[in-house]
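To start, the structure under review is shown below, and the notes come after it.
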Ligand SMILES: NC(=O)c1ccc[n+]([C@@H]2O[C@H](COP(=O)([O-])OP(=O)(O)OC[C@H]3O[C@@H](n4cnc5c(N)ncnc54)[C@H](OP(=O)(O)O)[C@@H]3O)[C@@H](O)[C@H]2O)c1
């Protein structure tokens, strides 16, 4: 009956593991895995099985998946290496006789110019070809991604971005984790692809207003062109690759690629998604 959760040493996977325990899944049925296993010690103390898994180490995948019923494959964080890493995890799951895989993907992954989508699209294709029962959770944007902007605004009173009037239907990681827990603990999700996004798609003027509430000072959104944005980021010391990536993501936002539009997240949660202001407050309180 066990559920192997990858990325449990990271933010989302940890929330999924905790959500499974809160939902009443016996700790002995949960296997929390990642590379930095020292981060799993408290979970081990609660009876969760833990294991060191590196996607690059096939034996570690085989050992963790032995006897498992479900693989919760939280997408990896090493952009550019993820297709081979996910392929190893999927192949190990098939070899181990795992009954189903739940995978965290990206919005409209099979049909979007979103800069981050290609590795997710390729992973979804591998999953479809694997013959395994699969549920795809196309996670939208985390509200926590705006914590650096919040800290910038705390210091300067500005949020500088090249998103234009683009809207973002973000939700906190806890909401996406809640949807994963719902899929893992209730029947009928095999073969389904869910487009998960927050209920409200906000503008950066709304972000500035929410951030202003949290940091306790007036905050304005300063819209800049992509070229100006690149200069601002370079001047702030970002390396060229990272600066280009941030500007590309803002371009995706400007084009509405993160604007959501599906009720799948609220439907899986059985409640409205967490509003922007509440999610920012919680993220700041959590440190
Ligand atoms: N929707 C969004 O806004 C958004 C934003 C950022 C990322 N993401 C995606 O969502 C995933 C989860 O988000 P998060 O915030 O929880 O990220 P995170 O805190 O950075 O966690 C990433 C997890 O991936 C694991 N991992 C990375 N490379 C690995 C490898 N080679 N072998 C085994 N495990 C590996 C890490 O394990 P160790 O730490 O133990 O190495 C960690 O547990 C990310 O990995 C990324 O794919 C989505």
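Restricting to segment 159-170, name every residue that is in contact with a helix residue (DSSP H, G or I) (Cβ under 7 Å, 6 or more places away or on another chain) and under 21 Å from residue 230 (Cβ atoms).
159, 160, 161, 162, 163, 164, 166, 168
Can you tell me which residue within segment 265-287, out of those that are part of a loop (DSSP other than H, G, I, E, B) and farther than 23 Å from residue 185 by Cβ, is modelled with the highest pLDDT?
First pass over segment 265-287, keeping only residues part of a loop (DSSP other than H, G, I, E, B): 270-275, 287.
Retained after the next criterion (residues that are farther than 23 Å from residue 185 by Cβ): 275, 287.
Numbers: 275: 98, 287: 87.
My answer is 275.
Suppose we keep only residues that are in contact (Cβ under 8 Å) with a residue 60 or more places away in the chain and within 11 Å of the ligand (Cβ to nearest atom) within segment 86-104. Which one would you say is farthest from residue 175 (Cα to Cα)?
89
Where the second residue is in a loop (DSSP other than H, G, I, E, B) and the first is farther than 22 Å from residue 107 by Cβ and lies in segment 119-133, which pairs have Cβ atoms under 8 Å and are six or more apart or on separate chains?
Hits for this filter: 132/98; 132/99; 133/99; 133/190; 133/191.
Does any residue in segment 3-15 that is under 10 Å from residue 102 (Cβ atoms) come within less than 7 Å, Cβ to Cβ, of a residue that is in a helix (DSSP H, G or I) and near the ligand (Cβ under 6 Å from one of its atoms) six or more places away or on a different chain, and which pairs are these?
Cβ pairs passing all conditions: 5/13.
How many residues does segment 125-142 contain that are touching a strand residue (DSSP E or B) at 6+ places or on another chain (Cβ under 6 Å) and outside any loop (DSSP other than H, G, I, E, B)?
Within segment 125-142, the subset touching a strand residue (DSSP E or B) at 6+ places or on another chain (Cβ under 6 Å) is 127, 132-141.
Adding the requirement that they be outside any loop (DSSP other than H, G, I, E, B) leaves 127, 133-139.
Result for segment 125-142: 8.
Among the residues of segment 213-237, write down those that are within 17 Å of residue 252 (Cβ to Cβ) and touching a helix residue (DSSP H, G or I) at 6+ places or on another chain (Cβ under 6 Å).
Within segment 213-237, 226, 229, 230, 233 meet the criteria.
The values are calculated or read from the model by the stated rules, or taken from the named source; none is laboratory data. It should be emphasised that the depicted structure is a prediction, and the values quoted were computed from it without experimental measurement. All Cβ positions, even for glycine, are placed from backbone atoms using ideal geometry, and neighbour counts span all protein chains on display.
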